[in-house]
1. Within the stretch 84-142, which GluC sites (Glu not before Pro) sit in a loop by DSSP and count at most 16 neighbouring Cβ atoms inside 10 Å?
2. Under a crude label model (7 Å from the Cα following the beta-carbon direction), how far is residue 135 from residue 518 in nanometres?
3. Of the chymotrypsin sites (Phe, Trp or Tyr not before Pro) in the stretch 99-176, which ones lie in a loop per DSSP and count no more than 16 other C-beta atoms within 10 Å?
4. Considering only Cα-Cα distances, which of the following residue pairs are longer than 24 Å: 83/416; 255/346; 159/206; 64/180; 346/516?
5. Across the stretch 350-359, in residue order, what do the Karplus-derived ³J(HN,Hα) couplings come to in whole Hz, using 6.51 cos²θ - 1.76 cosθ + 1.60 with θ = phi - 60° and x for Gly and Pro?
6. Using θ = phi - 60° and the Karplus relation 6.51 cos²θ - 1.76 cosθ + 1.60, list the HN-Hα couplings for the stretch 262-270 in order, rounded to whole Hz, with x at every Gly or Pro.
7. What is the gain in length, in nm to one decimal, between residue 58 and residue 275 on full extension, counting 0.36 nm per residue of separation less the C-alpha to C-alpha distance?
8. Modelled label-to-label distance, residue 69 and residue 358, 7 Å Cα→beta-carbon offset: nm?
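Bear in mind these aren't lab numbers, they're just calculated from the coordinates by the rules spelled out. Note that this is a predicted model, so its numbers are computed, not measured. So basically every Cβ, Gly included, is an ideal-geometry build from the backbone, and we count neighbours across all protein chains shown.
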Amino acid sequence: MKKYSNIILIMIAALFSSCAKESIENASVDAAAIVNEDSQYLSSFAQILSAAVYNEPELRDYIKKEALAEFDMDHDVFYPFVKDEVVSGGKTFGDILDKYDTEGVLEEIEAHEPLLNILVPDWSWVDEGCFSVKTWDTSLREVAVTYDCTGAEIPLYGKGQLLGSMKSGEFTSMPVLVVKRNERMVYNPTKSGPVRYDFYDPVYDKSRQVETKGTWYDHVYDFDVALPSNTVHAMTLPEKVRAAYTQSRQNYNMKQRDHIYYNMTAVRDTGAVDFHYTEVLYRFRFVNSNIPGLTDDIHSDSMSINTIQYNYGTSISEDALKQYGWLDGNFEIVYTVKAGEYQTRKPLPSLMVKDAFVVDKVHFQWYQDIFGTVTFRKYWVTQEELVPRWITMNCELFPWDLSSKPFSYLVEFEEKDSETTTTTSESETYSYASNINTSGDGSAYNVKVGFGAGSSSQVSRTVSVTITQKETNDDLGNAWVTFSDAVVLNISGTTPVAQLKTYNTGSILFQVVPRKTN
């Protein structure tokens, strides 16, 4: 069954109404009383369109031609599709409307109504005297324009002004255009590139209606992509980090960073600070694809990616299928590290969707005609079927000298969405070491006495810092990194594989590996 707008459903409720109304009644209708906040942009567009169709015969011809084409299986003219189409004399549909936009609101209307649509009704099924797009005489300039609304009075615009109204349940024999939102289309906003439109359901896509006999098929390629492992090849880690793991296995009181930053061993619990090593945010990945920030870039509905053709019997590679699955859009990730008075806030390089995720499933539909020719019509992926991948960062932070840095530091992530900034003051309570002494040999190095971060050798201090951040950024969570945390949880295998300590912010997983500074 066709899906009609509210205005048409209201009219259908009274089939006894006459179609003899040849002109618009000059009823005293109050525009402000009819137009509500939800329909103000539709009303404004109807007013502009009414002036344009009255003065531009070529525009009337164009609208009729497009409506009869039934691109969505209805007599709709989808404005985003026709806006930039040339109508006459090198002027596009949008150019013509702009000429009659006396209030300068057309651009705002387009921004707020991405599914803007013009329905040219066919009421001939009610009575042969009622208006129908099929018999519309476009040589006549009198055309009324209304918009999708409810109420006892249906406003009608003509020549760019509110001329009168129709009562609910009335039909007219004069041409009427209905401005509405197209309920058969969906739009997929992205941060980069143009907005993409797709059919709400493929059944509305007239291009699928093929005259040649054949069959439509639907299929899913499942690549069985597993979640990435938290392991790395052990030999890619610094030698001192691997040695720290071995030493900590021999004495569990010794923490791996005791060896990395203070050169302690399983049998030596005193050591001077080594400034040649620094904390490094090694790599991160998203926990899954359904987190704040991603919905701005990936629409959960299916998205058309590409169209190709090839003869029956030929094949398409797995790599090619995955290529058709990539989506547009970039993530702008910012990380903040807070360690007492020390604070750094830096952006990561702009991250494309295909760099952050692997396609697990590719959906596609194809049509096979009686001659065996296969035409691929559509590929798409869904947000839920993207699998996150590890992204190497190698962002240097700070040498972990416990004489000036606390036992723990906080790592926060956010996705940048706005250019508006806000400044706030935050306070955190940190634990600092009290077992750091100046070396007795006259050097400036600080010496740590005792393994780890025992409570007997800690003092607490509250630190206030000023934070400047984006006002509407998407918070991706935070996690604490502690001096006594293991860097490497396990090393095993003939070709050694290291399992790294992984921190979870709720939206992001990340790993920290101390490395030697250049």
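1. Passing sites in the stretch 84-142 are 85, 103, 128, 142.
2. Modelled inter-label distance: 8.0 nm.
3. 125
4. 83/416; 255/346; 159/206
5. Whole-Hz 3J(HN,Hα) from phi for the stretch 350-359: 3, 10, 7, 4, 5, 7, 9, 9, 10, 6.
6. Calculated HN-Hα couplings, in order: 10, 6, 6, 10, 4, 10, 10, 9, 9 Hz.
7. 70.4 nm
8. Going from the residue 69 label point to the residue 358 one covers 4.2 nm.
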